[in-house]
Amino acid sequence: MIHVHYLEKSRAHRILWLLETLALEYEIITYPRDSKTQLAPDSLKRVHPLGKSPVITDGDITVAESGAIIDYLLSRYGEGRCQPGADETAEWVNYRYWMHYAEGSLMPLLVMRLVFAQLPKQSPWLIKPIAKGINATVNQRFIAPQLNDHLAMIESHLRTRQQFSTAWPSGADVQMSFPLQALSMSQSLKHYPATAAFVARIDADLGWQRVVERVGPLTLPG
């Protein structure tokens, strides 16, 4: 039995989506975030030293990091599904790019935006105006222009293909789902119709709907 160590308001939804797509049996062990710090409880560190989610355990094997979990599940249980074959060189390279891009390039910008957005909320009232100014300046001069470049690239890809690889949903679609859903929730996709359509396709996917029925809709910390 696969156990998913599921932290509330985390990136674990997409792992559940893949498990539903592969029709694998799994159990969910839920961990609440601290109401003040929004951090994971120490009990998650007993599963993995960093105390991050998602983490899965499959017998005596523990796998952390979304990309590694997706690779593990598809290698062990995928039976050729949800990814191109190694003989499809161009598609394999495309698939691997988006698998690594999601966490390596796109998510750092979203995390940075979240961190700076927390500055005014966490600052003493005397310096809240300064914190707001820092947040606005960083967003305007760095984060927003970078995100626009990234979204333009993603939009160009999805405009012609509607998805990130040959199968639906591929491991790359699963990996890309969280950052694009997060951007959709922050109203950042209104000028990117193909990307917004990709997020809508996730919402309509039967596997995703089963995830929502089981654990509720995707929510974000903050």
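Tabulated data
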{"item": "Residue-span extension gain [LEU220 to LEU22] - 0.36 nm each, minus C-alpha spacing", "result": "68.7 nm"}
{"item": "Within-12-Å neighbourhood charge of LEU7 [Cβ basis; K, R +1; D, E -1]", "result": "+3"}
{"item": "Cα-Cα over 27 Å, subset of LYS45/LYS132; LYS45/LYS128; LYS36/LYS132", "result": "LYS45/LYS132; LYS45/LYS128"}
{"item": "Full-stretch length increase - TRP168, ILE29 - with 0.36 nm per residue and alpha-carbon distance subtracted", "result": "47.3 nm"}
{"item": "Sum of -39500 (n - 2.57) over DSSP H runs of 4+, divided by residues of the chain (222 nm, nearest 500)", "result": "-16500 deg cm²/dmol"}
{"item": "Local net charge near THR30, Cβ-Cβ under 12 Å (Lys/Arg +1, Asp/Glu -1)", "result": "+1"}
{"item": "Rg ratio (alpha-carbon, reference 2.2 N^0.38 Å) - the chain", "result": "1.06"}
{"item": "Spatial separation of Cα centroids for region 1-80 and region 196-219, in angstrom", "result": "17"}
{"item": "Axial C-alpha extent at least 20 Å, average Kyte-Doolittle at least 0.0 - helices from the chain (DSSP)", "result": "107-122, 171-185"}
{"item": "Using a Förster distance of 22 Å, the FRET efficiency for GLN187-GLN38 (Cβ separation, nearest 0.05)", "result": "0.55"}
{"item": "Projected-area mean, region 89-205, by convex hull of Cα positions, square nanometres", "result": "7.7"}
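Throughout, read-outs are computed from the coordinates displayed, never taken from laboratory work. What you see is a predicted model; the values in this text were computed from it and never measured. Glycine gets a Cβ as well: all are built from the backbone with ideal geometry, and neighbour counts include every protein chain shown.
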